[in-house]
Amino acid sequence: MSEIATLTGMIAPEALGIVAFHEALLFGRPGWQHAPDAVFDRAEAFERILGELAAFRKLGGRTIVETSGIAMGRNVPMYRRLSELSGVNIVSTTGFVSQERSIPAHFCLIGYFYRGHGPFQWKRAIPGSPAPSHVGTKEYMMFLFYNELTEGMAGPAMIRTTSKAALVRCGSGDAEITIAEQQAIRGAAMAARKTGVPVFSDGVSQVERQFELLTAEGLPPGRIVIGHCDDGRAVDVSRDMKYAAIGAWIGYDHIGWETRPAPHAMPDGQRAELVKKMVDAGHADRVVLSCSAIGYGLGMPATRHGYSHLLESFVPRLAKAGVGERALHTMLVENPRRILTPVEPTDKDADRLHEFAQGFRLPMKGS
Amino acid sequence: MAHVNTVMGAIHPDELGPTATHEHIVWGPPGWEHDPEWWFHYPQVFAKCLAGLVEYRELGGRSIMCCSGIGLGRDVEFYRMLSKYSGVNIIVPTGFWAAAGIPNHFLGKSIDYLSDMFVGELTDGIGNTGVRPGFIKVGIGRTMTPGDEMLHRAAARAAKRAGVPVVSHGAWEALKVLEILGSEGMDLSRVIISHCSHGGAIDPVRDRKVASMGAWISYDSFTVTNTSAVTHYAHPDEKRAEAVKQMIDAGFMHRMLLSSDNNLFSLGWMRSSPYVGKATQADFLRSTPGKLRRIGISEEIFWKILTENPKQVMAIQ
């Protein structure tokens, strides 16, 4: 169980090579397709993303972690074809980000509309829980993620693909963690424990609370990547060192987002300083790097920089700032490999759970 | 020329015939498609919806207003097939359910953006289908939140520009709704206050007030009586019939709409068959006349309300 799920199949950790840890291919907020001003030219999107991936590969990149999660435009069959054609491994993600950006109303309201009814109530109750049904609970989110990690990710048009997710995304808004976000964060930790995959969290201004929730569900810090630590609104290198010291991973993953109006924009020079400080403090083995580049925006603009910005511009900048070859290799190759390689599931009930999860894939009753 | 927009194109208001004014072919909060637990077999759902509509037509219904707005299951290609093969006119809205149901992409958009978007759909059609909505549907949560108020203002501005009626899911804040729509300069005779017969929302005093201000009262939860179902608004139809009687006695028969708020299929939740044997629009036509007759309202009046009132409020001049 030490192989990593990519869209084209399981691969050995050594095959990952240089990894960009946080990128997006298609990217849009749920509901973009109803916007009169949103244009989706699929052929153009395909060609554009393919070009970006090829450029990344030409510079030595081998793997892209696509972290948009369930509802932000993820199109598994399309991504899989892009991976086959470009030769870049694509590792994909289940989970949600903040409620505002990515959790559709369905997941926030389902507990309101359906509280358990008749035989379904008993079929779907969580053993040992007083609630009449599992909807609107962290367990509900856990099953959603768990099935994507073990069976395959949901594709468009009500199809479950055979490509498994390899990590779980969670996140929150800046001001608070909503109830739905809390369920998603706890559910992410539960699913990660039961499958051995890591969790990628973002919403760095709430990092403390998020970290509490994740560890409260028993997820060790070594399986948590704290993303967006280079968010221009919330840079704090002492915070990063604190979490690195207890074994969590620090993501500097908005490289290239240098100009407004992006609220998290910050010059790359400052990012390089952050990385340098971490390396100098001996935390190179806790840092991952990426660009959060958007290949094709759905109802929003794509980024001006592509996946290749990392290797083309930022890595030379780091080298110039005095970050050694060895530290770069650690951050670009070894760290992603160590994060993405699944560990032994720490939840002893994982097997029983698998059996139980089957009960949630009910056949449709005839009408 | 006065007309009503259906999914098959514009028709004359007199062609509407008996119309259930607040129904859903399918309805669900946006995002169910990402949740494999609620995936379904599309051909079966089509067959079920078609059977429901055919039965509705056999029992005398001719038109249905499906109140599922943007992102709530409004699938006009699907609806066109259903309308074509059942012979029932289907009228769809533009607009969002309530602030809680606005798809993430539209959070933070301005009132003007929303009203332009509604007008765009009303004049140019939904997406690239060319199908024009016949009205605007908006609503509130348990109370009128700032987001709900924004939605209502956008709806009023768009309705004024496009000449369509507004359906507001907001009986429990009806006067607030009218105040907001009125302050945007909307003609209140183009406003339908929905869900006035929901369990917990019956209020004859409010209904008379709303009707005397010129707006329409919609008693639209007939048949939702099964209290073991998951609805919070189920209660006996006799209470609804009583409300209808009071309004007729007060002389407001011409300000009243009747319907049953049933989904032929629910997306991502459990209120309707095939999961549980819930009522349909056909059951509404079957059972409601009897409920009314028992307290002295003739069947003729039932059909008259169903036929004459919708065409007045729905006609686009």
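The values are calculated or read from the model by the stated rules, or taken from the named source; none is laboratory data. Since the model is a prediction, treat every value here as computed from it, not as a measurement. Neighbour counts run over all protein chains shown; Cβ positions are idealised from the backbone, glycine included. In case anyone asks, the SASA skips ligands and DNA or RNA and just uses the protein heavy atoms, side chains included. Shrake-Rupley method; radii C 1.70, N 1.55, O 1.52, S 1.80 Å.
Note on segment A:169-217: among residues that are charged (D, E, K, R), within 16 Å of the chain's Cα centre (by Cα) and over 19 Å from residue A:338 (Cα atoms), the one that is modelled with the lowest pLDDT is A:202. Mind listing whichever residues of segment B:183-218 are within 21 Å of residue B:314 (Cα to Cα), surrounded by fewer than 24 Cβ atoms within 10 Å (Cβ to Cβ), small (Gly, Ala, Ser) and touching a helix residue (DSSP H, G or I) at 6+ places or on another chain (Cβ under 7 Å)? If the condition is that a residue be within 21 Å of residue B:314 (Cα to Cα), surrounded by fewer than 24 Cβ atoms within 10 Å (Cβ to Cβ), small (Gly, Ala, Ser) and touching a helix residue (DSSP H, G or I) at 6+ places or on another chain (Cβ under 7 Å), then B:185, B:211, B:214 are the ones that fit. Taking segment A:307-361 and the helices (runs of 4 or more DSSP H) fully enclosed by it, the elements with 3 or more residues that are open to solvent by less than 20 Å² (accessible area, probe 1.4 Å) and at pLDDT 95 or above are at A:335-340. Residues that are touching a residue at least 40 places away in the same chain (Cβ under 8 Å) and buried (at least 24 other Cβ atoms within 10 Å of the Cβ) within segment B:133-155 comprise B:133, B:134, B:135, B:136, B:137, B:138, B:139, B:140, B:148, B:151, B:154, B:155, listed in sequence order. The conditions of being within 12 Å of chain B (Cβ to nearest Cβ), touching a residue at least 12 places away in the same chain (Cβ under 8 Å), within 20 Å of the chain's Cα centre (by Cα) and closer than 27 Å to residue A:174 by Cα are not met by residue A:38.
Against the list (1) in a helix (DSSP H, G or I); (2) aromatic (Phe, Trp, Tyr); (3) farther than 20 Å from residue A:292 by Cβ, the condition residue A:40 fails is (1). Quick check on segment B:54-62. Is at least one of its residues in a loop (DSSP other than H, G, I, E, B) and over 26 Å from residue B:223 (Cα atoms)? No, segment B:54-62 contains no residue that is in a loop (DSSP other than H, G, I, E, B) and over 26 Å from residue B:223 (Cα atoms). Among the residues of segment B:82-96, the ones that are open to solvent by 30 Å² or more (accessible area, probe 1.4 Å) and within 11 Å of the chain's Cα centre (by Cα) come to 0 in all.
Could you identify the single residue in A:90, A:103 that is aliphatic (A, V, I, L, M) and more than 30 Å from residue B:72 (Cα to Cα)? Step by step, each of A:90, A:103 is checked, and only A:90 is aliphatic (A, V, I, L, M) and more than 30 Å from residue B:72 (Cα to Cα). The number of residues in segment B:1-53 that are in a strand (DSSP E or B) and surrounded by fewer than 16 Cβ atoms within 10 Å (Cβ to Cβ) comes to 2. Residues in segment A:69-85 that are within 26 Å of residue A:187 (Cβ to Cβ) and touching a residue at least 60 places away in the same chain (Cβ under 8 Å): A:69, A:70, A:73, A:74, A:75, A:76, A:77, A:79, A:80.
For segment A:3-18, what are the residues that are touching a helix residue (DSSP H, G or I) at 6+ places or on another chain (Cβ under 6 Å) and not in a helix (DSSP H, G or I)? Within segment A:3-18, A:4, A:7, A:8, A:18 meet the criteria.
The residues on offer are A:168, A:199, and the sole one that is among the β-branched types (Val, Ile, Thr), open to solvent by less than 10 Å² (accessible area, probe 1.4 Å) and in contact with a Ser or Thr (Cβ under 7 Å, 6 or more places away or on another chain) is A:168. Exactly one residue out of B:87, B:108, B:101, B:127 is out of contact with any strand residue (DSSP E or B) (no Cβ under 6 Å at 6 or more places or on another chain), over 27 Å from residue B:180 (Cβ atoms), facing chain A (nearest Cβ under 9 Å) and of a type in the set (Gly, Ala, Ser): that is B:127. If you go through segment A:231-278 and keep only what is in contact with a helix residue (DSSP H, G or I) (Cβ under 8 Å, 6 or more places away or on another chain) and among the charged types (D, E, K, R), you end up with A:231, A:233, A:239, A:240, A:258, A:268, A:271, A:276, A:277.
Looking only at segment A:86-104, count every residue that is free of Cβ contacts under 8 Å to residues at least 40 places away in the same chain and open to solvent by 10 Å² or more (accessible area, probe 1.4 Å) and tell me the total. Summing the residues that are free of Cβ contacts under 8 Å to residues at least 40 places away in the same chain and open to solvent by 10 Å² or more (accessible area, probe 1.4 Å) in segment A:86-104 gives 2. Please verify whether residue B:70 is open to solvent by less than 30 Å² (accessible area, probe 1.4 Å), within 13 Å of another protein chain (Cβ to nearest Cβ) and β-branched (Val, Ile, Thr), treating the condition exactly as stated. For residue B:70, the condition - open to solvent by less than 30 Å² (accessible area, probe 1.4 Å), within 13 Å of another protein chain (Cβ to nearest Cβ) and β-branched (Val, Ile, Thr) - is met. Condition first: at positive phi and in contact with a His (Cβ under 6 Å, 6 or more places away or on another chain). Can you find one or more residues in segment A:271-284 that meet it? Checking segment A:271-284: not a single residue is at positive phi and in contact with a His (Cβ under 6 Å, 6 or more places away or on another chain).
Among residues of segment B:219-229 being out of contact with any Cys (no Cβ under 6 Å at 6 or more places or on another chain) and not aliphatic (A, V, I, L, M), the one that is modelled with the lowest pLDDT is B:228.
Just a yes or no: is a residue in segment A:194-201 free of Cβ contacts under 8 Å to residues at least 24 places away in the same chain and in a loop (DSSP other than H, G, I, E, B)? No, segment A:194-201 contains no residue that is free of Cβ contacts under 8 Å to residues at least 24 places away in the same chain and in a loop (DSSP other than H, G, I, E, B).
Looking at segment B:28-45, is at least one residue more than 28 Å from residue A:180 (Cβ to Cβ) and of a type in the set (D, E, K, R)? No, segment B:28-45 contains no residue that is more than 28 Å from residue A:180 (Cβ to Cβ) and of a type in the set (D, E, K, R).
Inclusion of residue A:115 among residues that are modelled with pLDDT of 85 or more, farther than 29 Å from residue A:228 by Cβ and at the interface with another protein chain (Cβ under 8 Å from one of its Cβ atoms) is not warranted. For segment A:258-275, taking the residues that are open to solvent by 50 Å² or more (accessible area, probe 1.4 Å) and in contact (Cβ under 8 Å) with a residue 12 or more places away in the chain, the one that is farthest from residue A:337 (Cα to Cα) is identified as A:263.
Each residue in segment A:239-253 was checked for being at negative phi, open to solvent by less than 20 Å² (accessible area, probe 1.4 Å), without any contact (Cβ under 8 Å) to a residue 60 or more places away in the chain and not in a helix (DSSP H, G or I), and 3 pass.
In this structure, does residue A:57 turn out to be open to solvent by 10 Å² or more (accessible area, probe 1.4 Å) and either in contact with a strand residue (DSSP E or B) (Cβ under 7 Å, 6 or more places away or on another chain) or hydroxyl-bearing (Ser, Thr, Tyr) (or both)? Considered against the rule, which asks whether it is open to solvent by 10 Å² or more (accessible area, probe 1.4 Å) and either in contact with a strand residue (DSSP E or B) (Cβ under 7 Å, 6 or more places away or on another chain) or hydroxyl-bearing (Ser, Thr, Tyr) (or both), residue A:57 comes out as no. Scanning segment A:147-164 for residues that are in contact with a Gly (Cβ under 8 Å, 6 or more places away or on another chain) and either within 13 Å of chain B (Cβ to nearest Cβ) or within 11 Å of residue B:35 (Cα to Cα) (or both) turns up A:160, A:161.
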